[in-house]
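*Asks:* Quick one: the structure is below, questions incoming.
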Amino acid sequence: MRDTKEKLSLLWIFALLNYLYADVVALFAIAGVPHSFSPLPPWALMASAVLMEVPIAMIVACRLLPFRVNRLTNIIAGAILTLINGFLTFIPPLLRIGRPPAFPEYLFFATIETVCTSVIIWLAWTWSEVEVARPARSGRSARVPQT
C-alpha cells in the first residue's frame, strides 16, 4: 500500500463492514422469534444513522482531505467510534439495561471494531507530514528514448 491515506480508507471500509454485519447477525438472532423486540424510537434510529455515516464519510474523507485536517479528523472520528462502541457493547449489559440478541457474536465483532478504530487512531497519530511531502512512486521508471 502506498500511503497512509489508502491505509486509513481501507481500515474505515473494514470497520464499516464489521459494524454492518454485527447488525445483520443480531437481526438473524431475533428473526422468527415472536414479539422479540419493540421498534426503536425515531431518535435512536437517527442516532444510529448518524453513527454509521461517520465511517462511510471517512472512507472518502481519508482520500480527499489535506494532511492536517485528515489526520485530526481520523483521530477524532476513531476516538468517538471507539468510545461509543465500547460503551454500547459493555455498559448496558453490565448494568443489566439490555443485552444484544446475539451477545457472543456481538462481542466478537465489537472487539474487531475496537481494534480497527484503535489502529486508525494510532496510524493517524503517528502520520508524518514527511510522507505527504514525498512524491508517490509509480511502479514504472520513466525511460527516455535514445536516438
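*Asks:* Excluding Asn18 itself, calculate the net charge of residues whose Cβ lies under 13 Å from the Cβ of Asn18, where each Lys or Arg counts +1 and each Asp or Glu counts -1. Please report the intermediate quantities before stating the final value.
*Replies:* Values: positive: none; negative: Asp23, Glu105, Glu113.
Counting the neighbours of Asn18, the net charge comes to -3.
*Asks:* For Leu65 and Thr126, FRET efficiency with R0 = 30 Å and r from the beta-carbon atoms, rounded to 0.05?
*Replies:* Details: r = 17 Å, r/R0 = 0.58.
The calculated FRET efficiency here is 0.95.
Coordinate-derived values only; no laboratory data. Small disclaimer: the values here were computed from a predicted structure and weren't measured. Counting neighbours? That spans all protein chains shown, and the Cβs are built from the backbone with ideal geometry, glycine included.
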